[in-house]
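Student: After the structure tokens below, expect a handful of questions from me.
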Amino acid sequence: MDIPVRIALIPGDGVGGEVMTEALPFLDWACARGRNLETTLLPYGADHFLATGETLPESAYTSLRDGCDGILFGAVGDPRVPSGRHAEEILLRLRQGLELTVNLRPCRPTAPGQDAAIDIEVFRENTEGPYCLQGSTEPGRAVDLAIHTEPAVRRLLEAAFQRAATRSCPLTLAHKANVLKHGHGLWMRVFEELRSRHPEVSARTMHADALLCGLVQHPGAFSLIAADNYLGDLISDLCAAFIGGMGVAPSISWAPHRPFRCAVLAEPVHGSAPDIAGRGLANPVGMILSTALLFRHLGWEPEAIAMEAAVKAALESGAKTRDLGGALSTASMGASIRSRLPR
Ligand code: ATP
């Protein structure tokens, strides 16, 4: 018997648990099809922090780093922790500690009526930029540092160039090097170097503001967009709006320079959505499609394709949660998708 794939489950806060509940049966389904996996449920999130003072203990972090192939993550963020400390120490620790530089956020139509020409993948650097949380607030002055290092920029851009070559599609780098001369200047230099090493890829750079304008006007004109952490966050949320909003957008992050049996992190693009949490209103599609991305990363392509087809079929049949204009609960939406899976 082959070694089981080890998947850690961190539902987290708010709607995180609700959407995670709908993703778990897909793991059982994969097992029933002969995939060998074992899961570990981890309690980290606001409830655990408020009860114990622990965010992500070092021992748990080390087990995730050394003894786990994939992490399925719901969301973190809770109004009872206004500082956001636990969210930072859990999610940013995982992203930065595991060096999950590459965050892929695909954007493809999910429902009838959406622009069928849209087929965008955002490659977002996931560990640096202004999200390194360094800075200061002084009287009359506030500073946020944005740190960009060449290894991370190179890893993100190499992954994007490789993907563009595989997809045979153009690659666009979003930047503001005209004002962010140092940080985005580095991005431009590495991009130009890789462009000369990848003549097979049609690669261009665009000022991020012009790119956003172009995206809104002609989303079908973009295929693969690479960006730093901050711009990638904004661009991918805009892309989510083309396909039904935050509830349907998936993501996966990995460390391309680390060995294969090394944790990747699959999580929906959305956060913990405290405004709708606990009411069965959350759309589980982003979480389910993130699970499909995890399966694809593990080499389980047939399962990933079947799940994506099941989501599409459910949405085409009119199954919708409230964010998409429907009335289904989180659980009913999950069930509707599952009912369309092959055995
Ligand atoms: P974060 O900074 O943690 O990503 P955020 O501030 O971007 O979080 P979200 O928690 O993603 O905020 O919520 C943004 C909006 O999207 C809210 O109105 C929320 O209700 C909605 N939303 C988020 N996730 C879902 C979901 N799964 N289903 C339906 N609506 C959602």
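Student: Considering Leu64, Leu94, Leu104, Leu56, which residue is buried (at least 20 other Cβ atoms within 10 Å of the Cβ), in a loop (DSSP other than H, G, I, E, B) and not polar (S, T, N, Q)?
Tutor: Matching residue, one of Leu64, Leu94, Leu104, Leu56: Leu56.
Student: When the residues of region 275-298 are filtered to those that are of a type outside the set (A, V, I, L, M) and touching a Phe, Trp or Tyr at 6+ places or on another chain (Cβ under 9 Å), which remaining residue is farthest from the ligand (Cβ to nearest atom)?
Tutor: So, considering only residues that are of a type outside the set (A, V, I, L, M) and touching a Phe, Trp or Tyr at 6+ places or on another chain (Cβ under 9 Å), the one farthest from the ligand (Cβ to nearest atom) is His297.
Student: Determine, yes or no, whether Ser272 is within 15 Å of the ligand (Cβ to nearest atom) and polar (S, T, N, Q).
Tutor: Against the criterion (within 15 Å of the ligand (Cβ to nearest atom) and polar (S, T, N, Q)), Ser272 qualifies.
Student: Do we have Ala177 as free of Cβ contacts under 8 Å to residues at least 60 places away in the same chain, closer than 21 Å to Ala263 by Cα and either of a type in the set (Lys, Arg) or crowded, with 18+ Cβ neighbours inside 10 Å (or both) here?
Tutor: For Ala177, the condition - free of Cβ contacts under 8 Å to residues at least 60 places away in the same chain, closer than 21 Å to Ala263 by Cα and either of a type in the set (Lys, Arg) or crowded, with 18+ Cβ neighbours inside 10 Å (or both) - is not met.
Student: Return yes when Phe26 is out of contact with any Phe, Trp or Tyr (no Cβ under 9 Å at 6 or more places or on another chain), assigned by TED's automatic domain parsing to the domain that holds Ala314, in contact (Cβ under 8 Å) with a residue 12 or more places away in the chain and crowded, with 22+ Cβ neighbours inside 10 Å and no when it is not.
Tutor: So Phe26 fails the test.
Student: Quick one: would you say Gly84 is in the same structural domain as Ala273 (by TED's automatic domain parsing), buried (at least 19 other Cβ atoms within 10 Å of the Cβ) and of a type outside the set (S, T, N, Q)?
Tutor: Taking the combined requirement at face value, the residue does not satisfy it.
Student: Looking only at residues that are touching a residue at least 40 places away in the same chain (Cβ under 8 Å) and of a type in the set (A, V, I, L, M) in region 72-86, which one is farthest from the ligand (Cβ to nearest atom)?
Tutor: Among residues in region 72-86 that are touching a residue at least 40 places away in the same chain (Cβ under 8 Å) and of a type in the set (A, V, I, L, M), the one farthest from the ligand (Cβ to nearest atom) is Leu72.
Student: For region 311-334, which positions are within 12 Å of Thr110 (Cβ to Cβ) and away from the ligand (no atom under 12 Å from the Cβ)?
Tutor: Val311, Lys312, Ala313, Ala314, Leu315, Glu316, Ala319 - these are the residues of region 311-334 that are within 12 Å of Thr110 (Cβ to Cβ) and away from the ligand (no atom under 12 Å from the Cβ).
Student: Exactly one condition in (1) under 18 Å from the mean Cα position of the chain (by Cα); (2) over 22 Å from Ala116 (Cα atoms) is not met by Gly280; state its number.
Tutor: The failed condition is (1).
Student: What are the pairs with Cβ atoms under 7 angstrom where one residue, in region 212-236, is over 14 Å from Lys176 (Cα atoms) and in the same structural domain as Leu186 (by TED's automatic domain parsing) and the other, located anywhere, is among the hydrophobic types (A, V, I, L, M, F, W, C) and surrounded by fewer than 14 Cβ atoms within 10 Å (Cβ to Cβ)? Sequence gap at least six, or different chains.
Tutor: Gly214/Ala221; Gly220/Ala117
Student: Looking only at residues that are part of a strand (DSSP E or B) and touching a Leu at 6+ places or on another chain (Cβ under 8 Å) in region 29-49, which one is surrounded by the fewest Cβ atoms within 10 Å (Cβ to Cβ)?
Tutor: Leu41
The values are calculated or read from the model by the stated rules, or taken from the named source; none is laboratory data. Just so it is clear, the structure is predicted and the values come from calculations on it, not from any experiment. Here Cβ is always computed from backbone atoms with ideal geometry, including for glycine, and neighbour counts include all displayed protein chains.
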